[in-house]
Amino acid sequence: MRSFAGRTDSMLRGDVSRKDRVVRTAATGLSAFAFGVIQGKHRSRGGAVILGAVPVDLAAGAGLHLLTLLPFFRRYSGLLSAAGDGAIASFLTTTGYRVGERWDKGGSLSSGIAGLFGDSAAAPVTGGSSIADRELSALVRD
């Protein structure tokens, strides 16, 4: 009987941890999607930024992770961290897309990365804050 109870307890604890993973994955995915929608909505302005230069998804991701350090939010730290991871994933996906786009046009990885750290005169690469060439030409024609 003890063996059965032990196996059942172990199995239930495993099931709970699987549910936690599903919740964490869902929160991360929904956060990434939401920030992707926000960046897409503000695409004509080069993406959503705060303080004039910081992509909103990067700022939100860092902010959500910082909230987990406060005592009041510790009980929600798993969910806040997952949402923060999704926001940071959104930022890195957009940035990676821009680097790949530039790499494709320039022919080398270094040309794709140029501007990632503010070291280029060209439009910045980060988070939705740069406008694709086609979009820029469409704006000029209008």
Pairs needed: first member in segment 49-78, on the phi > 0 side of the Ramachandran plot and exposed (fewer than 12 other Cβ atoms within 10 Å of the Cβ); second member anywhere, of a type in the set (A, V, I, L, M) and assigned to a helix (DSSP H, G or I); C-beta distance under 7 Å; at least 6 residues apart or different chains.
none
Looking at segment 95-125, which of the residues that are part of a helix (DSSP H, G or I), within 21 Å of G40 (Cβ to Cβ) and touching a helix residue (DSSP H, G or I) at 6+ places or on another chain (Cβ under 6 Å) is modelled with the lowest pLDDT?
R102
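Within the bounds of segment 47-58, is there any residue that is more than 16 Å from the chain's Cα centre (by Cα), within 23 Å of I113 (Cα to Cα) and modelled with pLDDT under 85? Let's see the steps before the verdict.
Residues of segment 47-58 more than 16 Å from the chain's Cα centre (by Cα): 51-53.
Add one more test, that the residue is within 23 Å of I113 (Cα to Cα), and what stays is 52-53.
Filter once more, so that each one left must be modelled with pLDDT under 85: 52-53.
Within segment 47-58 (the criterion being more than 16 Å from the chain's Cα centre (by Cα), within 23 Å of I113 (Cα to Cα) and modelled with pLDDT under 85), the answer is yes, since at least one residue qualifies.
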Those residues of segment 79-95 which are touching a residue at least 40 places away in the same chain (Cβ under 8 Å) and not hydroxyl-bearing (S, T, Y) amount to L79, A82, A83, G84, D85, G86, A87, A89, F91
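The values are calculated or read from the model by the stated rules, or taken from the named source; none is laboratory data. Everything numeric in this text was worked out from a predicted model, so none of it was measured. Methodologically, a virtual Cβ is constructed for each residue, glycine included, from the backbone with ideal geometry; neighbour enumeration extends over all protein chains shown.
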